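Report on the structure given below.
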Amino acid sequence: LKKRVAFPLMGDYGIPATYLFKHIMSCEIMDIPPITNKTVELGVKNSPDFICTPFKYTLGTLIECLDNGANILIQLGGGCRYGYYANLQEKILKDLGYDFKMYNLVTAGITHPFRIYKYLKEIDKKVNIFKIFYYLLITIRMVKYMDLVDIYIRENIGFEKEIGSFEKLKKKMLKDFTKVKSVFKLKKIYKKYMRLFKDIPLSKPNKVIKIGLIGELYTLMESRANYDIEKFLASHNISITRFTNVTYLLFKKGKLSKRYLKKLDNVKYKMGADAMDNIYYTKYLGENNYDGIIHIKSSFCTPEIGAMPIIKKVANEYNVPVLFLTMDTNSSMVGLTTRLEAFIDMLEMRN
Amino acid sequence: MKIGIPRGLYFYYFNSFYKYFFDYLDIQLIISPKTNSDILKLGMDIAGDEMCMSLKTYLGHVVYLKDKCDYILISRIANYGEYNQTCTNFLALYDIVNNLVGCKIIDYNIDLKNKDKELEGLVEAFSKFKIKRSKIIKAYYYAVNQSNISFNKKIISNKELLNSNKLKVLLISHPYNLYDEYVGKPIIKLLKENGLEVIDCNYFNKDDCSHFSKHFVPHLYWKYQKEMLGSIGLSKSKIDGIIFLTTFPCGLDSLANELVMRSVDIPYLNIVIDQTESLSGFETRIESFVDILNQRHERNVKN
């Protein structure tokens, strides 16, 4: 039996992930279908009642992959409930009658490099440790560059003269990224595109509305899960700041969150997942005179629910309006649009 | 000095420990009364809309106690080691109470992963009040021993229930739900009225439970869930059915209980309680569940 590997995606990060697996493994890596309404429907149908939304999205993707012929599934777990997704999803999919093997590379928010290597070796005997390190280095760089580009795009996409020019260029950049074979080449491409991004003509007014996007990680990073909220805000000429990205979560969080905790005087302990970080961001956004804050989370996200009243309190201290949005598996964003438009109108009136 | 302990969440895990500990230290202890509608309403008023019902009840107890004591004791329980984590609400409890209620708090931190132990936390918290460190340490070990003794007694009486002739159901629920006046107590009463013997999942040997939970929930890393669900392994041959009792929307139960429900081969009933619901809906469900158990039992006797 030929091994075909699949894994759930999150935002654009599917591109570096596919790049990594394609280079270190000799078995077939599936093209993962993007999340559509059908995916969500499949996920919702087979999920428990009050599980958080990312579970439903990823389960839907896994079902679609299995239908397309995958037989090895890879899932990564984070700290909170996310770490236990894989075990329940495996059981649900087995109950549905699929035949496959599932590997959970990270559980309980703890990464054991040796265990990950063992699993990879189990999937593919030809896995070479030097090759893994080589391409891992490139992938980490790639993610870092992607995040840097995204930060610039988010700030400026609302003011592009020709609509769609940022998006077009980004697509081209990601395509070029996947052809890279070394770190130096990657850096060269990144620098070239960064220059091109900065050359895109902008029409920025003197007074720009600045909004900070905070909240739960999956909903922030997967554009289907937040109904392309960034695009919607950009179409209303708003500059967006978002702190959460993979670079932050994987490499900076450990160090930075300790520093954040010291700077907050009304929070004493870490509150699980990104709750405490988001309270700090609220403070940061308030101190830096942002016009508004939008907090988005998936439904039933416990850490964020605990943090929300505190975020509200901190925002009130700095007199910044906050909009709390809970994203569930609706198929359209009609209800969301009115709320966002009202919020934006309010911000414009305050200016 | 009066110390108040809200009757909710961690209180039910340290119930007898607190009693003996503060008795030894000669500190007056005020425990909030059993949950009633006034307390529930106090909690609902200040809590976030989406918080779980257990947390809302707890906050109600805190608000009730606010003016009746000098300090409120909060133990922040993060984990008992890498693979023994607790619910996120336990992690954030101190900060939620501090920001929402704003009362004087004594707190100590249990976070074995980062080497914050219970004893050290208690010593640090209470040595501020000019109590000798040695006395606190003595009180701690005294309280641990005494509470272990009473816990072991309960394990034995719980084991005896397993041999009764009635139909037996294992009631799986967190102690803070099970012994709550608004969640668990009415359900237990209903079950007993229907002639069932209720086995409490919390009175089993904790280490055995954690070990046995591996069969049902492999690689689970939540301490309380492991201890609850492991009790199925210890009693499975003797019970007739399982009842899962959860408050809406318990995050960890939604995953772990679902996994168990998909793998057990005896009848089970999943009850989710929200603050708006009245009991009448559950009566029919429990009655029909009891009917199923009875029919199964009769069939087994015939064969």
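Restricting attention to the range A:164-183, the residues that are farther than 19 Å from A:A234 by Cβ, aliphatic (A, V, I, L, M) and open to solvent by less than 30 Å² (accessible area, probe 1.4 Å) total 1. For the range A:28-57, enumerate the residues that are within 16 Å of B:L259 (Cβ to Cβ) and either more than 20 Å from the chain's Cα centre (by Cα) or of a type in the set (S, T, N, Q) (or both). Listed by number, the residues that qualify are A:N46, A:S47, A:P48, A:D49, A:F50. When restricted to residues that are in a helix (DSSP H, G or I) and open to solvent by 30 Å² or more (accessible area, probe 1.4 Å), the range A:139-163 contains 8. The residue that is most open to solvent (accessible area, probe 1.4 Å), counting only those in the range A:319-345 that are under 22 Å from B:A47 (Cα atoms) and outside any strand (DSSP E or B), is A:N319. Within the range B:248-303, the set of residues being assigned to a helix (DSSP H, G or I), over 17 Å from B:K192 (Cα atoms), among the acidic types (D, E) and away from chain A (no Cβ under 14 Å) comprises B:E298 only. For the range B:112-129, how many residues meet the condition of being within 11 Å of another protein chain (Cβ to nearest Cβ) and crowded, with 20+ Cβ neighbours inside 10 Å? Result for the range B:112-129: 0. Across the range B:85-107, the qualifying residues are those that are assigned to a strand (DSSP E or B) and within 11 Å of chain A (Cβ to nearest Cβ), and the one among them that is surrounded by the fewest Cβ atoms within 10 Å (Cβ to Cβ) is B:I105. Among the residues of the range A:50-62, is any touching a Cys at 6+ places or on another chain (Cβ under 9 Å), more than 30 Å from A:I129 (Cβ to Cβ), β-branched (V, I, T) and surrounded by 21 or more Cβ atoms within 10 Å (Cβ to Cβ)? Yes, some residue in the range A:50-62 is touching a Cys at 6+ places or on another chain (Cβ under 9 Å), more than 30 Å from A:I129 (Cβ to Cβ), β-branched (V, I, T) and surrounded by 21 or more Cβ atoms within 10 Å (Cβ to Cβ). For B:I136, the test of being open to solvent by less than 80 Å² (accessible area, probe 1.4 Å), closer than 24 Å to B:I30 by Cα, outside any helix (DSSP H, G or I) and more than 14 Å from every other protein chain (Cβ to nearest Cβ) is failed.
For the range A:59-88, a tally of residues being within 11 Å of another protein chain (Cβ to nearest Cβ) and either within 20 Å of the chain's Cα centre (by Cα) or touching a residue at least 40 places away in the same chain (Cβ under 8 Å) (or both) returns 10.
Pairing residues of the range A:110-137 that are assigned to a helix (DSSP H, G or I) with residues that are modelled with pLDDT under 85 and open to solvent by less than 90 Å² (accessible area, probe 1.4 Å), at Cβ distances under 6 Å and at least 6 apart in sequence or on separate chains, gives A:I116/A:L105; A:L120/A:V127; A:K121/A:V127. In the range A:256-277, which residue that is free of Cβ contacts under 8 Å to residues at least 60 places away in the same chain and aliphatic (A, V, I, L, M) is farthest from A:A307 (Cα to Cα)? Step by step, filter the range A:256-277, then rank; the result is A:L256.
From the list A:I344, A:I240, exactly one residue is of a type outside the set (S, T, Y) and out of contact with any Leu (no Cβ under 7 Å at 6 or more places or on another chain). Which is it? None of the other options fit; the residue is A:I344.
Return yes when B:E50 is under 27 Å from A:M308 (Cβ atoms) and charged (D, E, K, R) and no when it is not. So B:E50 fits the description; yes.
Among the residues making up the range B:195-226, those that are surrounded by fewer than 17 Cβ atoms within 10 Å (Cβ to Cβ) and assigned to a loop (DSSP other than H, G, I, E, B) are B:G195, B:P218, B:H219.
Only residues that are open to solvent by less than 30 Å² (accessible area, probe 1.4 Å), within 12 Å of chain A (Cβ to nearest Cβ) and of a type in the set (S, T, N, Q) were counted across the range B:40-84, and they come to 3.
Pick out the one residue from A:Y227, A:Y218 that is in a helix (DSSP H, G or I) and either in contact with an Asp or Glu (Cβ under 6 Å, 6 or more places away or on another chain) or closer than 30 Å to A:S299 by Cα (or both). Quick ask: steps written out before the conclusion?
Working: A:Y227 fails: in a helix (DSSP H, G or I).
Answer to the selection: A:Y218.
Could you please give the count of residues in the range A:105-125 that are more than 14 Å from chain B (Cβ to nearest Cβ) and out of contact with any Leu (no Cβ under 8 Å at 6 or more places or on another chain)?
Going through the range A:105-125, the residues more than 14 Å from chain B (Cβ to nearest Cβ) turn out to be A:113-114, A:116-118, A:120-125.
Now restrict to residues that are out of contact with any Leu (no Cβ under 8 Å at 6 or more places or on another chain): A:113-114, A:117-118, A:120-125.
Total satisfying the criteria: 10.
When the range A:228-279 is examined, which residues are found to be β-branched (V, I, T) and either open to solvent by 20 Å² or more (accessible area, probe 1.4 Å) or under 30 Å from A:S332 (Cβ atoms) (or both)? Give the steps one after another, and end with the answer.
Filtering the range A:228-279 down to residues β-branched (V, I, T) leaves A:229, A:238, A:240-241, A:244, A:246-247, A:267, A:279.
Once the filter is applied, which keeps residues that are β-branched (V, I, T) and either open to solvent by 20 Å² or more (accessible area, probe 1.4 Å) or under 30 Å from A:S332 (Cβ atoms) (or both), the range A:228-279 yields A:I229, A:I238, A:I240, A:T241, A:T244, A:V246.
The set of residues in the range A:278-295 being more than 19 Å from A:I305 (Cβ to Cβ) and outside any helix (DSSP H, G or I) consists of A:N288, A:N289, A:Y290, A:D291, A:G292.
Residue pairs whose Cβ atoms lie under 6 Å apart, separated by 6 or more positions or on different chains, with the first residue in the range A:208-231 and under 23 Å from A:C80 (Cβ atoms) and the second in a loop (DSSP other than H, G, I, E, B) and among the small types (G, A, S), are A:T219/A:A225. Check off (1) within 27 Å of B:L25 (Cβ to Cβ); (2) open to solvent by 80 Å² or more (accessible area, probe 1.4 Å); (3) not basic (K, R) for B:E160 and give me the number that stays unchecked. Answer for B:E160: the failing condition is (1). For the range A:24-41: of the residues being open to solvent by 40 Å² or more (accessible area, probe 1.4 Å) and part of a helix (DSSP H, G or I), which is nearest to A:Y82 (Cα to Cα)? The residue in question is A:E41. Which of the residues that make up the range A:3-23 are touching a residue at least 60 places away in the same chain (Cβ under 8 Å), more than 25 Å from A:G79 (Cβ to Cβ) and open to solvent by 30 Å² or more (accessible area, probe 1.4 Å)? Once the filter is applied, which keeps residues that are touching a residue at least 60 places away in the same chain (Cβ under 8 Å), more than 25 Å from A:G79 (Cβ to Cβ) and open to solvent by 30 Å² or more (accessible area, probe 1.4 Å), the range A:3-23 yields A:K3, A:R4, A:H23.
Could you say whether any residue in the range A:280-293 is within 14 Å of chain B (Cβ to nearest Cβ), touching a strand residue (DSSP E or B) at 6+ places or on another chain (Cβ under 9 Å) and either at positive phi or open to solvent by 30 Å² or more (accessible area, probe 1.4 Å) (or both)? Let's see the steps before the verdict.
Of the residues in the range A:280-293, the ones within 14 Å of chain B (Cβ to nearest Cβ) are A:280, A:282-283.
Those still in the list that are touching a strand residue (DSSP E or B) at 6+ places or on another chain (Cβ under 9 Å) too: A:282.
Within this subset, residues satisfying the condition of being either at positive phi or open to solvent by 30 Å² or more (accessible area, probe 1.4 Å) (or both) are none.
Taking every residue of the range A:280-293 in turn, none turns out to be within 14 Å of chain B (Cβ to nearest Cβ), touching a strand residue (DSSP E or B) at 6+ places or on another chain (Cβ under 9 Å) and either at positive phi or open to solvent by 30 Å² or more (accessible area, probe 1.4 Å) (or both).
Of all residues in the range B:165-185, those being open to solvent by 10 Å² or more (accessible area, probe 1.4 Å) and under 22 Å from B:N294 (Cα atoms) number 4.
The values are calculated or read from the model by the stated rules, or taken from the named source; none is laboratory data. What you see is a predicted model, and the numbers here were worked out from it, not measured in a lab. We place every Cβ from the backbone using ideal geometry, glycine too, and count neighbours over all the protein chains shown. Surface accessibility is based on the protein's heavy atoms, side chains included, excluding ligands, DNA and RNA. Shrake-Rupley method; radii C 1.70, N 1.55, O 1.52, S 1.80 Å.
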